[in-house]
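Here's the structure, in C-alpha cells; my notes come after.
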Amino acid sequence: MSHRPIKNRIGPFALARALAWLRLCAIGGQSVAVLVCAFWLHLAIPLLPLLACIGLLAVFSVLAAWRLGRPWPVSEGETIAHIGIDTLVLGVLLYFTGGASNPFVTLLLVPIALTAAALSIRAILVVAAIAGTAYLLLMCWYVPLPVLDGMRDHGYSLHVIGMGVNFVITALLLGFFINRLARALRVQQLAMQRVHERALRDEGILAIATQAAGAAHELNTPLSTMRTLLPELRREHAGDTELAEDLSLLEGQVDRCRDILREMVAFGQAQLSQEPERLDVAQFLHSCTERFQLLRPEAELELQLDEDIARLALYVPPGLRHALLNLLNNAADASALRDSREVLLQVEREGDWLQFLVIDRGPGFASTEGNARLGHSQKQTGLGIGLTLAVATAERLSGELVARNTDDGAVVCLRLPLAVISRR
C-alpha cells in the first residue's frame with residue numbers, strides 16, 4: 001500500500017483565519033494613524049475618505065468573521081478574494097496619503113509572505129500579481145502627502161519616521177502571524193503522522209485477522225475429525241478407566257476449540273455488520289466476566305461497580321468486549337508472574353467518560369521517567385497483540401487507553417466517551 005507524502009501546506013482556512021486577526025489589527029492601526037496625522041500632526045489629509053475606507057474594511061471584517069464560522073470549506077480562491085479586498089482598501093488609503101512614496105507601502109508584502117506559508121505556488125503568484133499591480137498604480141496615481149512644518153530643520157523627515165514605524169509594524173506582524181501559521185503546520189503534520197501510524201497498525205491488524213480467518217477455516221476440519229474419533233476410541237477402550245478420563249478431557253478441549261472458532265466467526269460477522277448490542281453496563285460486564293472465567297478459571301476476578309453506573313444503557317460496539325477480555329487476560333498473566341491470581345475490574349464514570357480500570361498484581365510496565373509504556377510489559381508469554389487490538393478499539397471509538405504502574409502492580413484504563421457508547 002502506497003502513501004502520499006505529507007504536503008507542507010497549512011491550507012486556506014488557517015490563512016483566512018490569520019487574515020481575519022490581521023484585519024482587526026489593521027483597522028485599529030489605520031484608525032490611530034489617520035487620527036494622529038489629522039489631529040496631532042495637523043497634516044492636511046482627506047479625513048472623510050480615509051475613515052470611510054476603514055469603515056468599509058470593518059464591515060468586511062464582520063462578514064468575513066461570520067463566514068469563517070460557517071461549516072462550508074474555504075477554498076484558495078475565496079482566500080485570495082479576501083486578500084484582494086484587503087489590498088484594495090490598503091491601496092485606497094495609500095492613494096490618499098502619498099502613494100508609493102508612503103513608507104507604509106511595504107505592507108503590501110505581508111499578504112505575499114503569509115500566502116507563501118499557507119497556499120500553493122499558483123496562489124502565491126496571483127497574490128504577488130495583485131500586490132505588484134497595486135504598487136505600480138500607486139507609483140503613477142496618488143495624492144501627494146503634505147510635509148510637516150518644521151521637520152526640514154531637523155535631522156529626520158516624516159518619511160524616515162514613517163519607515164521606522166513601518167519596520168516595527170511589519171516585523172511584529174510577520175513574526176506573530178507566521179509563527180501562528182507555522183504552529184498550525186506542526187499540529188497538522190503531527191495529526192497526519194498519527195493517521196499514518198494508525199493506517200500502518202490497522203494494516204497489521206488486518207493481516208493478523210486474515211491469517212486468523214484462514215487458520216479458523218483450516219482448523220475446523222481436523223477438529224471435526226477428532227470429535228468423531230474420540231467417542232469411538234472411548235467405546236473401543238471402555239475398560240481402561242485412565243484412558244477414558246484422558247479421552248474425556250480431550251473431548252472437552254476439542255469442544256472448547258470449536259466454541260472459540262464459532263465465536264471468532266460471530267465476532268467477524270458483527271464487525272462487518274457494525275451493529276452495536278443494546279445492553280446496560282451490568283449486562284455487558286456480566287457477559288465479559290463470565291467469558292473470562294471460562295477462559296481463565298484459575299483467576300480470582302473482583303468486580304467493583306456502582307449501582308447507578310450498572311443501570312447505564314449502552315450501545316456496545318463490536319470489538320469492545322474482546323478489548324476488555326484482552327486487558328483482563330493480560331492482567332491475569334501479569335499477576336501470575338508474582339504468584340498471584342488477583343485481577344480487579346473497576347468501572348467508573350468521570351464526567352462524560354466511562355472508564356474500565358483493569359488492575360493486576362504483576363511487575364508492571366517498563367517505564368520512562370515514571371510513565372508506563374503500553375506494549376512494554378514484563379510478561380514473557382503471549383503473542384503481544386492484545387494491547388495493540390485494545391488500543392485500536394479505543395481509538396476507533398474516540399477513546400484512549402492509558403496505563404500507569406502502582407506499588408504492587410499496574411493499572412490499564414480504557415476510557416470511552418459516553419456520547420459514542422451510551423444510548424441517547
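Determine whether segment 385-393 contains at least one residue that is among the β-branched types (V, I, T), at pLDDT 80 or above, under 14 Å from N330 (Cα atoms) and out of contact with any Asp or Glu (no Cβ under 8 Å at 6 or more places or on another chain).
The answer is yes; a qualifying residue exists.
How many residues, within segment 403-421, are assigned to a strand (DSSP E or B), within 22 Å of the chain's Cα centre (by Cα) and either surrounded by fewer than 17 Cβ atoms within 10 Å (Cβ to Cβ) or at pLDDT below 80 (or both)? Full working, then the answer.
The initial filter retains those residues of segment 403-421 that are assigned to a strand (DSSP E or B), namely 403-406, 409-417.
From what's left, within 22 Å of the chain's Cα centre (by Cα): 403, 412-417.
Of the ones still in play, those that are also either surrounded by fewer than 17 Cβ atoms within 10 Å (Cβ to Cβ) or at pLDDT below 80 (or both) are 417.
Qualifying residue count, segment 403-421: 1.
What pairs come up if the first residue lies in segment 219-243 and is modelled with pLDDT under 75 and in a helix (DSSP H, G or I), the second is of a type outside the set (F, W, Y) and surrounded by 10 or more Cβ atoms within 10 Å (Cβ to Cβ), and their beta carbons are under 7 Å apart, counting only those six or more places apart or on different chains?
Final answer for the pair search is L219/L261; N220/L261.
How many of the residues in segment 67-85 are touching a residue at least 60 places away in the same chain (Cβ under 8 Å) and open to solvent by 20 Å² or more (accessible area, probe 1.4 Å)? Please lay out each step first, then the result.
Filtering segment 67-85 down to residues touching a residue at least 60 places away in the same chain (Cβ under 8 Å) leaves 73-76, 78-79, 82-83.
Then drop every residue that is not open to solvent by 20 Å² or more (accessible area, probe 1.4 Å), which leaves 73-76, 78.
Residues flagged as touching a residue at least 60 places away in the same chain (Cβ under 8 Å) and open to solvent by 20 Å² or more (accessible area, probe 1.4 Å) within segment 67-85 amount to 5.
From the list L114, L88, L57, which residue is assigned to a helix (DSSP H, G or I) and open to solvent by 20 Å² or more (accessible area, probe 1.4 Å)? Before the answer, list the steps.
Working: L114 fails: open to solvent by 20 Å² or more (accessible area, probe 1.4 Å); L57 fails: open to solvent by 20 Å² or more (accessible area, probe 1.4 Å).
Result: L88 is the single residue among L114, L88, L57 that is assigned to a helix (DSSP H, G or I) and open to solvent by 20 Å² or more (accessible area, probe 1.4 Å).
Which members of segment 23-45 meet the condition of being open to solvent by 70 Å² or more (accessible area, probe 1.4 Å) and in contact with an Asp or Glu (Cβ under 9 Å, 6 or more places away or on another chain)?
The answer is H42, and nothing else.
How many residues does segment 18-66 contain that are modelled with pLDDT of 90 or more and among the basic types (K, R)?
The total comes to 0.
With the structure loaded, tell me whether A209 is at pLDDT below 75 and among the aliphatic types (A, V, I, L, M) or whether it fails that test. Spell out the reasoning first.
Details: at pLDDT below 75: yes; among the aliphatic types (A, V, I, L, M): yes.
So A209 passes the test.
The values are calculated or read from the model by the stated rules, or taken from the named source; none is laboratory data. Worth saying up front: this structure is predicted, and the values here are computed from it rather than measured. Backbone-built Cβ (ideal geometry, glycine too); neighbour counts: all protein chains shown. Just so you know, the surface numbers come from the protein's heavy atoms only, side chains and all, with ligands and any DNA or RNA stripped out. Shrake-Rupley method; radii C 1.70, N 1.55, O 1.52, S 1.80 Å.
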